[in-house]
1. Here is a check on your reading of the model: is Asp211 touching a residue at least 60 places away in the same chain (Cβ under 8 Å) and not basic (Lys, Arg)?
2. Let me spell it out: the conditions are (1) touching a residue at least 60 places away in the same chain (Cβ under 8 Å); (2) closer than 18 Å to His118 by Cβ; (3) open to solvent by 20 Å² or more (accessible area, probe 1.4 Å), and Val80 meets all of them except one. Which number is the exception?
3. Exactly one condition in (1) in contact with a strand residue (DSSP E or B) (Cβ under 9 Å, 6 or more places away or on another chain); (2) open to solvent by 50 Å² or more (accessible area, probe 1.4 Å); (3) farther than 17 Å from Leu133 by Cβ is not met by Ala72; state its number.
4. I'd like the full set of residues that are of a type in the set (A, V, I, L, M), assigned to a loop (DSSP other than H, G, I, E, B) and either over 23 Å from the mean Cα position of the chain (by Cα) or buried (at least 17 other Cβ atoms within 10 Å of the Cβ) (or both), limited to the range 83-113.
5. Starting from the range 129-143, keep only residues that are without any contact (Cβ under 8 Å) to a residue 40 or more places away in the chain, then list their pairs with residues that are hydrophobic (A, V, I, L, M, F, W, C) and open to solvent by less than 90 Å² (accessible area, probe 1.4 Å) whose Cβ atoms are within a distance under 6 Å, requiring at least 6 positions of separation or different chains.
6. For the range 269-288, which positions are without any contact (Cβ under 8 Å) to a residue 24 or more places away in the chain, charged (D, E, K, R) and farther than 23 Å from Ala157 by Cβ?
7. Please find, within the range 191-205, the residue that is farthest from Asp245 (Cα to Cα) out of those that are of a type outside the set (Ser, Thr, Tyr), under 19 Å from the mean Cα position of the chain (by Cα) and surrounded by 13 or more Cβ atoms within 10 Å (Cβ to Cβ).
8. Pull up the range 269-285, narrow it to residues that are within 19 Å of Ile178 (Cα to Cα) and among the aliphatic types (A, V, I, L, M), then point me to the one that is most open to solvent (accessible area, probe 1.4 Å).
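The values are calculated or read from the model by the stated rules, or taken from the named source; none is laboratory data. Everything quoted here is computed from the prediction, not taken from an experiment. Counting neighbours? That spans all protein chains shown, and the Cβs are built from the backbone with ideal geometry, glycine included. With ligands, DNA and RNA removed, areas are computed over all heavy atoms of the protein, side chains included. Shrake-Rupley method; radii C 1.70, N 1.55, O 1.52, S 1.80 Å.
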Amino acid sequence: MKKDTDTAAPAPGPEAETLPVAQGTAAQLAHLQALADKAGEYMRRASSPATLDAYQSDWDHYRDWCFAQDLAPLPADPAVIGLYLTACITPPPGEVQGLAVSTIERRLSGLAWHFRKHGYELDRQDPRVGKVLAGIKHVHWQPPAQKEPVLAADVLAMVDELDRDTLRGLRDRAILLIGFAGGLRRSEIVGLDVGPRQTDEGQGWGEILPDGLLLHVYGKGRKLRQVEIGRGSSDQTCPVVAYEDWLRLGRIAHGPVFRRVSQDGKEVLPDRLRGQHVARLVKATALAAGVRADAAEGDREAMFAGHSLRAGFGSSGIDEKHTQQQFGHATVQMTRRYNRRRERFAVNMTKIAGL
């Protein structure tokens, strides 16, 4: 378990750009090398950029922790992994809790990905990993905290907090209206391109039609679904008009739809926004607009995030089958989890049964 500075370099992982044969003409080897390069690129693109960023962050955290404990991050030692998982769930000094169980599970997936990349396999069935994780889940698991949904009236109040005379205001207005009307995840919003296959990291694209905006969105497993956003009752509230205004005034004809704006607010930059921007935008505008003003100020801070838009669409009373299609859910049970304002106990089955 001790760190060994003289350890030999690890075996090449599955993404190593090596040739399957060592002999052949120069032209053959060049052709095979080109294929190997392309295969490596396809392997890298099998996961979304957001997932790869998270996995890299997971690896950096694990590696730094190992070095701080004078332990070797490679190879995949189950004993070291078990200690790391325990350290993750243990509250740091001065804090009341460690990482969430879901975050620890995600970190373990990120570590497994990096171990494979370096030519090692993480044995998750080893008791020092599997049983430690099972015990952590048994003791510390809590249901995920649900974010407060924002409904149509809330969204309209939120966009009124934005300055439509600025590029930032136009962009953020389109983000809120498109995100709500499409029931989109924050990654799906910022992952939009103007057209198909325009960027390597794009997660979908928009198609403007006479009756509305048709989004082609890659969901989990790169499964493509279509999201219909019809035109609104007026230009002031129409998400499609907001989308068109942003593209036109931002002079965006190719590549990412939602981008950063220069510090002086006068220029649209080529860089794609990150999902964190959507979360910050929803939180800031919801608080400014007085959404859930009945709640304590400290509680309101934690109520809203990017997912509030998707939750709000799911709680809007739209027929379940249409919401299920918009969300891309395989079952209606999954869709019903989003209807957070449904009337519980509207049918009292206890009384109907005769009690």
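1. Judged against the criteria, Asp211 is not a match.
2. Result: Val80 fails condition (3) only.
3. Tallying (1) in contact with a strand residue (DSSP E or B) (Cβ under 9 Å, 6 or more places away or on another chain); (2) open to solvent by 50 Å² or more (accessible area, probe 1.4 Å); (3) farther than 17 Å from Leu133 by Cβ, Ala72 fails exactly one: (2).
4. Selection gives Val96, Leu99.
5. From residues that are without any contact (Cβ under 8 Å) to a residue 40 or more places away in the chain, the pairs are Lys137/Val101.
6. Asp271, the sole residue that qualifies.
7. In this case the residue turns out to be Glu201.
8. Once the filter is applied, the top-ranked residue is Ala284.
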